[in-house]
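Worksheet: one structure, shown below.
The values are calculated or read from the model by the stated rules, or taken from the named source; none is laboratory data. Here the structure is a predicted model, which is why all the values come from computation and not from measurement. Here Cβ is always computed from backbone atoms with ideal geometry, including for glycine, and neighbour counts include all displayed protein chains. In case anyone asks, the SASA skips ligands and DNA or RNA and just uses the protein heavy atoms, side chains included. Shrake-Rupley method; radii C 1.70, N 1.55, O 1.52, S 1.80 Å.
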Amino acid sequence: VYEMIIPESWNGHTLGELLDSIKQCFPVALARAGRASLPDMNTKLQTGDLLNVSSTFEGIRALTARLANKAEA
């Protein structure tokens, strides 16, 4: 299980958009303002959200790259 912080560049996007085509990542929990929930693919992300995903090493590398690439765009 890995914990990812959602950057400003993903603010307002859905979890489905973030995890689209990354088959090795499964959302476990999303914490926002100290409250955890079970997210679904329609959950809108906010800057600073803590996303916990269960993932393979390849999956977390792909997710990390996606978060970084979106941040650079």
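Here are a few things to note about the model shown:
- From the list Leu51, Leu38, Leu30, Leu15, the one residue that fits, being out of contact with any Ser or Thr (no Cβ under 7 Å at 6 or more places or on another chain) and either touching a residue at least 40 places away in the same chain (Cβ under 8 Å) or surrounded by 11 or more Cβ atoms within 10 Å (Cβ to Cβ) (or both), is Leu51.
Conditions (1) part of a helix (DSSP H, G or I); (2) modelled with pLDDT of 95 or more; (3) not aliphatic (A, V, I, L, M), marked per residue:
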position: Glu3; (1), (2), (3): no, yes, yes
position: Ser21; (1), (2), (3): no, no, yes
position: Pro27; (1), (2), (3): no, yes, yes
position: Pro39; (1), (2), (3): no, yes, yes
position: Leu51; (1), (2), (3): no, yes, no
position: Ser54; (1), (2), (3): no, yes, yes
position: Thr64; (1), (2), (3): yes, no, yes
position: Leu67; (1), (2), (3): yes, no, no
position: Lys70; (1), (2), (3): yes, no, yes
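- Filtered residues of the stretch 54-73 (kept if touching a strand residue (DSSP E or B) at 6+ places or on another chain (Cβ under 8 Å), open to solvent by 40 Å² or more (accessible area, probe 1.4 Å) and under 13 Å from Ile6 (Cα atoms)): Thr64
- Enumeration of residues in the stretch 5-19 that are assigned to a loop (DSSP other than H, G, I, E, B) and closer than 14 Å to Thr64 by Cα: Ile6, Pro7
- Among the residues of the stretch 1-27, the ones that are hydroxyl-bearing (Ser, Thr, Tyr), touching a helix residue (DSSP H, G or I) at 6+ places or on another chain (Cβ under 9 Å) and at negative phi come to 2 in all.
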